[in-house]
1. Filtering segment B:344-386 down to residues that are of a type in the set (Ser, Thr, Tyr) and within 24 Å of the chain's Cα centre (by Cα), which residue is surrounded by the fewest Cβ atoms within 10 Å (Cβ to Cβ)?
2. I need the full set of residues from segment A:158-182 which are loosely packed, with under 15 Cβ neighbours inside 10 Å and either within 14 Å of another protein chain (Cβ to nearest Cβ) or not in a helix (DSSP H, G or I) (or both), in order please.
3. Please work out which residue is farthest from the other protein chains (Cβ to nearest Cβ), limiting yourself to segment B:380-414 and to residues that are part of a loop (DSSP other than H, G, I, E, B) and not charged (D, E, K, R).
4. Looking at A:Leu110 and the list (1) closer than 20 Å to A:His48 by Cβ; (2) crowded, with 18+ Cβ neighbours inside 10 Å, which single condition is not satisfied?
5. Can you tell me which condition B:Ala184 does not meet? The list is (1) in contact (Cβ under 8 Å) with a residue 40 or more places away in the chain; (2) not in a loop (DSSP other than H, G, I, E, B), and all the others hold.
6. May I ask you to list the residues in segment A:19-48 that are part of a loop (DSSP other than H, G, I, E, B) and within 14 Å of another protein chain (Cβ to nearest Cβ)?
7. List the number of the failed condition for A:Ala129; all other conditions in (1) touching a residue at least 40 places away in the same chain (Cβ under 8 Å); (2) loosely packed, with under 15 Cβ neighbours inside 10 Å; (3) within 13 Å of the chain's Cα centre (by Cα) hold.
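Taken together, the values in this text are just the output of simple stated rules run on the coordinates, not laboratory data. Just so it is clear, the model here is predicted, and its values are computed rather than measured. Every residue, glycine among them, receives a Cβ derived from its backbone with ideal geometry; neighbour counts consider all protein chains shown.
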Amino acid sequence: MNTAFWYASRATGIVALLLLTAVLVLGILVNRQGRLPGLPRFAVTDLHRNLSLLSVSFIAVHVFTAVLDTYVHIPLVSAVIPFASGYERFWLGLGAVSLDIMLAMIVTSLLRGRLNRVLWRAVHLLAYASWPVAFAHSIGSSKDLQQGWMLAVAVGCAMIVLAAVVWRLADAARQVPRAGRVAAVFAQHTASAARRNRGTVAR
Amino acid sequence: MSTAVNESAPGGAARQAAGLPRLLPAAPEDLHAHLARYGPTPYRGRTNLLIDDIETSGLTGRGGAAFPVYRKLAVVARAGVRQGRKVVVANGAESEPASRKDELLLGLAPNLVLDGLQLAAEAVGATEAHLYLHYAPGPQILRALAERSSRGLDRLAVTITQAPPRFLAGQEAAVVNRLGGGPALPTFQPPRVSERGLGGAPTLVQNVETLAHLALIARYGPRWFRAVGTSDEPGSMLTTIYRPDAKTHVREAAIGTPLEALLGAGADVQAWLVGGYHGTWLPMPEAAGITLDNASLRRFGAAAGAGVLAALPSDRCGLTEAARVTGYLAAESAGQCGPCLNGLPRIAAALAELAGAGHRRRTLADLERWSGLVKGRGACNHPDGTVRFVRSALTVFAPEIKRHARGQCSATDRRPFLPLPDGIPTREEDWT
């Protein structure tokens with residue numbers, strides 16, 4: 001029974017890392033109004049939202065099984081209070097930090113209709129801090145991820161996130177401000193329309 | 001001020017139904033003249049009391065949407081005061097460039113509009129009143145406000161805010177955004193501004209002509225109001241009329257008046273435009289029997305809108321006119337919703353191609369397809385209104401499209417007919 005908790009905690013932790021990677025990439029896609037092949041735009045938002053709630057449930061199992069497991073002693077409060085665990089104080093502390101940020105993001109998102117948008121956005125931008133901290137917690141506290149094909153999975157996640165962030169910044173840099181957007185699109189289409197006429201009107 | 005001719009004035013060019021004009025005096029009326037004619041503002045002394053009269057009167061919004069006025073009043077009256085506020089706005093931002101009636105009304109009878117604003121505020125229990133205009137307020141308005149406050153006639157002080165000269169600046173949500181200090185941009189509704197508007201407070205936005213009618217109903221009652229118009233669409237409305245004589249006429253007409261009496265239908269007219277630039281082209285002489293009420297106009301897919309009516313002279317090219325207006329409408333997209341931002345410029349460019357010579361064969365089919373794609377997919381009705389205008393132009397000017405395809409045009413006069421402002425917005429400040 002004891003080892004079951006330990007294995008469950010390790011497994012759910014790794015699944016949570018994969019899910020959080022997907023959530024971050026989808027969040028970037030939502031921000032840039034991008035689409036997934038075959039899905040309408042609102043489905044990307046829904047997927048982002050639902051996967052984030054799913055990953056939090058995996059993290060809950062991850063935390064509780066680690067606490068219940070008697071192989072090492074981890075106090076429950078160390079899940080939310082950073083650096084409160086005697087075992088792997090630093091690496092588990094990082095896990096608590098990233099979980100706290102995620103909880104703040106979820107609470108502000110659930111209350112989004114009642115909050116001002118600037119506050120919601122400020123808290124949501126912390127995702128870019130939360131993911132690397134969670135990643136460091138995974139690599140640092142898990143011997144599983146430090147070798148073999150699991151290491152390749154972890155490195156793959158990091159590359160995907162890095163690529164998504166670079167794409168996001170490049171896409172934002174390309175963006176025309178709202179007020180100029182209409183004029184830009186308009187100029188492009190009127191110029192091409194003028195080229196298409198094959199003659200002149202006789203009167 | 002306006003260069004539009006007030007055709008409704010006694011002795012004006014038009015023959016009028018009994019009792020008209022109701023709104024437009026022959027010359028600007030100051031407070032003294034206003035009080036002599038109408039007496040003091042007929043406050044009811046309590047919220048809600050006026051709303052039943054407005055419901056019986058059948059008054060609808062004269063800003064273009066023809067929404068029943070009592071329903072908006074009732075929603076705002078029922079809503080609680082939020083953050084200590086409840087707001088009433090007189091919307092004079094006549095953002096339709098062809099419409100001149102609100103500006104003329106405010107110049108001639110500012111006190112009637114301001115009476116209506118105060119009465120609507122009382123009826124819904126408002127705590128603040130605004131006047132929203134697309135130009136710096138003229139001397140008649142400023143004088144009326146000063147005279148009213150020195151006489152203690154206004155229960156709420158009126159704040160004036162200037163709108164940017166954008167087509168969408170008069171849209172309800174855009175009005176609220178501008179009054180809140182932001183750009184005059186429409187936003188997705190619901191929540192409707194009548195529930196959560198300025199600063200989150202319930203907000204009643206009514207066109208200035210609507211408020212002038214409301215002020216008269218408060219005085220003379222719903223039966224008086226219903227004495228003209230049709231039984232489904234009672235009352236009168238201000239119209240801005242463009243005829244081949246190249247003058248701009250503003251005329252108060254009973255709803256249900258034959259359009260022929262307003263626009264003329266002689267051989268010098270090839271088509272009518274009803275409802276302005278979000279409106280509908282009607283073929284001549286097929287539509288000649290139609291009347292100025294939505295029940296009659298609906299049969300041609302048209303609506304009276306804000307009362308802009310134009311009779312296109314036979315010597316002009318309707319296709320070219322339609323392309324010019326569509327180009328303007330595309331450039332006035334707020335650029336917020338993808339279908340509008342990307343669709344309208346394509347549609348405008350395709351129409352410009354048709355208005356040139358020798359268009360590609362697939363352009364007409366593209367236009368039809370794109371029109372279907374943008375309809376119903378904006379936060380406001382800008383894409384829908386634009387598509388209505390374009391589709392009716394394609395139908396009414398179909399023979400002209402064929403002519404242009406062969407490199408010919410039937411027009412002998414190349415001067416533009418419908419009025420359009422210069423310049424398109426490129427900076428954020430253009431919207432504030």
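1. Applying the first criterion (of a type in the set (Ser, Thr, Tyr)) to segment B:344-386 yields B:363, B:371, B:386.
Retained after the next criterion (residues that are within 24 Å of the chain's Cα centre (by Cα)): B:371, B:386.
Details: B:Ser371: 20, B:Thr386: 29.
Ranking the candidates gives B:Ser371 first.
2. A:Gln175, A:Val176, A:Pro177
3. B:Asn381
4. Here A:Leu110 clears every test but (2).
5. The single condition B:Ala184 does not satisfy is (2).
6. So in segment A:19-48, the residues part of a loop (DSSP other than H, G, I, E, B) come out as A:32-40.
Answer for segment A:19-48, where residues must be part of a loop (DSSP other than H, G, I, E, B) and within 14 Å of another protein chain (Cβ to nearest Cβ): A:Arg32, A:Gln33, A:Gly34, A:Arg35, A:Pro40.
7. Just one mismatch for A:Ala129, condition (1).
Conditions (1) more than 25 Å from A:Thr45 (Cβ to Cβ); (2) hydrophobic (A, V, I, L, M, F, W, C), marked per residue:
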{"residue": "A:Leu125", "(1), (2)": "no, yes"}
{"residue": "A:Ala136", "(1), (2)": "yes, yes"}
{"residue": "A:Lys143", "(1), (2)": "yes, no"}
{"residue": "A:Ala163", "(1), (2)": "no, yes"}
{"residue": "A:Trp167", "(1), (2)": "no, yes"}
